[in-house]
Amino acid sequence: MDDRGVSAPLHINGRDYRWPVAPVVVICFDGCDPAYLVAAERARAIPYLSRMMAEGFHGLALAAMPTFTNPNNIAIACGAPPAVTGVAGNYYLDRATGREVMVLDGHQMQAETIFARFSASGAQVAVVTAKDKLLRALARHHSGIALSAESPDEAIAAIGPIGAWERPDKYSADLSLFVLDAGVALLERRHCDIVYLSLSDYVQHKHAPDEPEAIAFMGAVDARIGRMLALGAVVGVVADHGMNDMAGPDGAPRVLYVQDELERAFGPGAARVICPITDPFVRHHASLGGFVRVYRRNDAIGLASMRDHLAGLDGVEQALLGAAACALYQLPEDGEGDIVVIAAPGVALGATAAEHDLSALAGHRLRSHGGTAEQQVPFILSHPLDPAFATRAEAGLRNFDIFDYAINGVTP
């Protein structure tokens, strides 16, 4: 703090963040493809978001690759890409042990979060997530409020009644609405400098943008954003990834099983394919998405031959050697697969047909994410950008820029 009583900027992962002059709320609107905003605006269902887009700032940003929940939430929380954070998936193969590991905490993280640094410096910081798995990572070294909608009793005990909620169903829109209501309650009852609210993409996995359920959900989210604006918050809205339909005209999922294809071409045991979308929410996507990692198991097979074969398969947009994928998409080199495969738009990638239980989709069309087709996401702020940030935005935005812009780039 200087002699005027003004706290000095905090330097976090290569960026300087000033002390917030008003409560800053950033919402990670999980799975909010830009098409959901277009459909909701057409239905006149989102007056507050519409006003933010018209009077504040609205742009499109690129999410981190792969376009999954964990790497993007952590990138947003750190203001940095996966090459810096160390997190590039929900699920990975530990090369040292050969074990497959679901990411349920922050053990992979190599960077400090914005939340941890600000709370250690005396700021009042709150993190509320839809999912426990994310909370354990985002709350790493964070001494402020850290709550999850999957553990609502703890949240209610910490901040008091949250709307009329008791226990939201994790397979419903309610999980996200609980998070937003918790954010409203925090703003009403406590001084908060920074609030991060991370939602669930259950609705987007189940419903296309113009379906009534999606429009109703967008309206419910918008109403809660309106309450935050009325409480004087600077609100930033960004998504971790978009969402695309990956089913054919008959409703059957359009899936390429990459390990099965490799074993047909190169023999049994040629490779192990890891689907980094894999997480405990199996009904969302049956562990099928637009990005997989290939680990060669037979050293007699040339990696270039394997990559070239994969690149020629119908449904593949890119097949890249691991080092090339890291360089192109800012991924951490440690633990990266021998080959990265990215799906063509409208196609999902899996490992083997035997490993994916399509009944988990419960009769819905497969809607998922993970590839470049889901990389474009909305980037919305409640206030206009200062001129220097407006110029920067013209050069391109990443979703993990949101805290920089919300804290440094606007004047409430």
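Brief remarks on what is shown
- GNM on the chain, alpha-carbon springs under 10 angstrom: the most fluctuating residue among 226, 183, 160 is 160.
- If the chain linking residue 298 and residue 211 were pulled fully straight, counting 0.36 nm for each residue of separation and taking away their Cα-Cα distance, it would gain 26.6 nm.
- Projecting the Cα atoms of 233, 221, 209 onto the dipole axis of the stretch 200-274, where Lys and Arg carry +1 and Asp and Glu carry -1 at the beta carbon, places 233 farthest toward the positive end.
- Alpha-carbon centroids, the stretch 1-61 and the stretch 100-166: separation in whole Å: 19 Å
- Average accessible surface for the stretch 133-199: 39 Å² per residue, computed with a 1.4 Å probe over protein heavy atoms with every protein chain in place.
- Using the Cβ-Cβ distance between residue 333 and residue 362 with R0 set to 35 Å, the FRET efficiency from 1/(1 + (r/R0)^6) comes to roughly 0.35.
- Among residues other than residue 275 with Cβ under 12 Å from its Cβ, the summed charge is -1 (Lys and Arg +1, Asp and Glu -1).
- At full extension, residue 172 and residue 19 could sit 51.5 nm farther apart than now, given 0.36 nm per residue minus the alpha carbon distance.
- Listed residues 376, 124, 204, most fluctuating in the chain (Gaussian network, C-alpha, under 10 Å): 124
- Per residue of the chain, the DSSP helices (runs of n ≥ 4 H) give a summed -39500 (n - 2.57) that works out to -9500 deg cm²/dmol at 222 nm.
- Candidates 329, 17, 92, ranked by Gaussian network fluctuation over the chain, Cα under 10 Å, top entry: 329
The values are calculated or read from the model by the stated rules, or taken from the named source; none is laboratory data. Given the structure is predicted, the values throughout are model-derived calculations rather than measurements. Note that we place each Cβ from the backbone using ideal geometry, even for glycine, and neighbour counts take in every protein chain shown. Only protein heavy atoms, including side chains, enter the accessible area calculation; ligands, DNA and RNA are left aside. Shrake-Rupley method; radii C 1.70, N 1.55, O 1.52, S 1.80 Å.
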